[in-house]
Amino acid sequence: MNKNEFSDELRLAFTKNGVAEFATDEICDRLYELYRIFSEVSSYMNLTAIRDEKGVIYKHFTDCVMSARLFPQGASVLDVGSGGGMPALPLKIVRPDLTVTALDATAKKVDYITDTASKLGIEVRGMCGRAEELGTDKKLRESYDVVTARAVAELRILSEWCIPFIKQGGKFIALKGKRGADELSDAERAIKTLGCQVTAIDTTPLTLDDGTLNERTIIVCDKISHTAGTYPRSNAQIQKKPL
Ligand code: SAM
């Protein structure tokens, strides 16, 4: 696909999925550049399994952009397990008002994200490490307005990795797939114990280019009280005895 074909398909994907307001010329140009860099790097680094043009447009970019309106204006956002920069990079492109940090346990993925951001002329900070270890750092704990994560871990595990980073009054926005509702029922106790309350569940499916629907669930929680200093526990404890 050349740039015009890519932009046309992106506009169609955004329109079909209710986010047409983000399909400006500037955003289409940036997402095309992101796609080009992503494809080139994917030829030698395993960023994600989905690499074909339509897959990237729909299952990555459009899927990420469908959550963009949920982020409060000017929020500081931490994307836990950002991998190939999803949602961090598309989110910063469509919502330049946000301050975005991408956290991943793999250094070369974090380097890819920060290099790509600088090539695109946007600012996305990178942070390398395991969430459950960095979440015990006093400077990082309860320091973000919003923590988000997509395709990283089961919700009750993910909650203990993510919620300690959120300021009181902030939000946890978990981008989950078709098992989102089941994961939520298993995670309710963990979410409450860690200081959050579920405030919204969005099950709007992603409409693909051929009209088929991909089930997805966005779970939004408000941080209503501080997370006790005992959390996050070590990964061994989290996995062995999820909250
Ligand atoms: N969020 C991206 C997406 O939607 O395409 C990437 C998902 S990828 C399947 C999961 C990523 O989470 C990997 O890059 C992995 O290194 C990272 N990860 C897994 N456990 C982690 C942890 N405890 N702390 C930080 N990153 C973690």
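Using the structure shown, decide if Ala151 is hydrophobic (A, V, I, L, M, F, W, C), within 15 Å of the ligand (Cβ to nearest atom), free of Cβ contacts under 8 Å to residues at least 12 places away in the same chain and out of contact with any Phe, Trp or Tyr (no Cβ under 8 Å at 6 or more places or on another chain).
no
Just give me the residues in region 114-132 being near the ligand (Cβ under 10 Å from one of its atoms) and free of Cβ contacts under 8 Å to residues at least 60 places away in the same chain, in sequence order.
Within region 114-132, the first condition is being near the ligand (Cβ under 10 Å from one of its atoms), and the residues that meet it are 127-132.
Scanning region 114-132 gives Met127, Cys128, Gly129.
Are any residues in region 17-73 in contact (Cβ under 8 Å) with a residue 40 or more places away in the chain, not hydrophobic (A, V, I, L, M, F, W, C) and not in a helix (DSSP H, G or I), and if so, which ones?
Once the filter is applied, which keeps residues that are in contact (Cβ under 8 Å) with a residue 40 or more places away in the chain, not hydrophobic (A, V, I, L, M, F, W, C) and not in a helix (DSSP H, G or I), region 17-73 yields Asn17, Gly18, Ser67, Pro72.
What about Ala75, is it more than 11 Å from the chain's Cα centre (by Cα), within 14 Å of the ligand (Cβ to nearest atom) and either closer than 25 Å to Leu184 by Cβ or open to solvent by 10 Å² or more (accessible area, probe 1.4 Å) (or both)?
Details: more than 11 Å from the chain's Cα centre (by Cα): yes; within 14 Å of the ligand (Cβ to nearest atom): no; either closer than 25 Å to Leu184 by Cβ or open to solvent by 10 Å² or more (accessible area, probe 1.4 Å) (or both): yes.
It is false that Ala75 is more than 11 Å from the chain's Cα centre (by Cα), within 14 Å of the ligand (Cβ to nearest atom) and either closer than 25 Å to Leu184 by Cβ or open to solvent by 10 Å² or more (accessible area, probe 1.4 Å) (or both).
Which one of Arg141, Arg125, Arg130, Arg95 is in contact with a Pro (Cβ under 6 Å, 6 or more places away or on another chain) and either of a type in the set (D, E, K, R) or open to solvent by 40 Å² or more (accessible area, probe 1.4 Å) (or both)?
Unique residue meeting the criteria: Arg141.
Any residue at all in region 177-196 that is surrounded by 20 or more Cβ atoms within 10 Å (Cβ to Cβ), under 19 Å from the mean Cα position of the chain (by Cα) and assigned to a strand (DSSP E or B)?
Yes - at least one qualifying residue is present in region 177-196.
Looking at (1) within 20 Å of Arg36 (Cα to Cα); (2) in a helix (DSSP H, G or I); (3) more than 7 Å from the ligand (Cβ to nearest atom), can you tell me which one Lys109 breaks?
(3)
Would you say Thr136 is within 13 Å of the ligand (Cβ to nearest atom), open to solvent by 30 Å² or more (accessible area, probe 1.4 Å) and among the hydroxyl-bearing types (Ser, Thr, Tyr)?
yes
Give the residues of region 144-184 that are of a type in the set (Lys, Arg) and in contact with a Pro (Cβ under 6 Å, 6 or more places away or on another chain), sorted by residue number.
Passing the criteria: Arg150, Arg156.
Give the residues of region 46-72 that are within 17 Å of Thr116 (Cα to Cα), open to solvent by 30 Å² or more (accessible area, probe 1.4 Å) and more than 10 Å from the ligand (Cβ to nearest atom), sorted by residue number.
Scanning region 46-72 gives a single hit, Arg51.
How many residues are more than 6 Å from the ligand (Cβ to nearest atom) and open to solvent by 10 Å² or more (accessible area, probe 1.4 Å) when one looks only at region 80-92?
Summing the residues that are more than 6 Å from the ligand (Cβ to nearest atom) and open to solvent by 10 Å² or more (accessible area, probe 1.4 Å) in region 80-92 gives 1.
Regarding Ile201, is this residue touching a residue at least 40 places away in the same chain (Cβ under 8 Å) and surrounded by fewer than 23 Cβ atoms within 10 Å (Cβ to Cβ)?
When the stated conditions are applied, Ile201 does not pass them.
The values are calculated or read from the model by the stated rules, or taken from the named source; none is laboratory data. Model, not experiment: these values are computed from the prediction. Backbone-built Cβ (ideal geometry, glycine too); neighbour counts: all protein chains shown. Areas reflect the complete protein model, heavy atoms only, side chains present, ligands, DNA and RNA absent. Shrake-Rupley method; radii C 1.70, N 1.55, O 1.52, S 1.80 Å.
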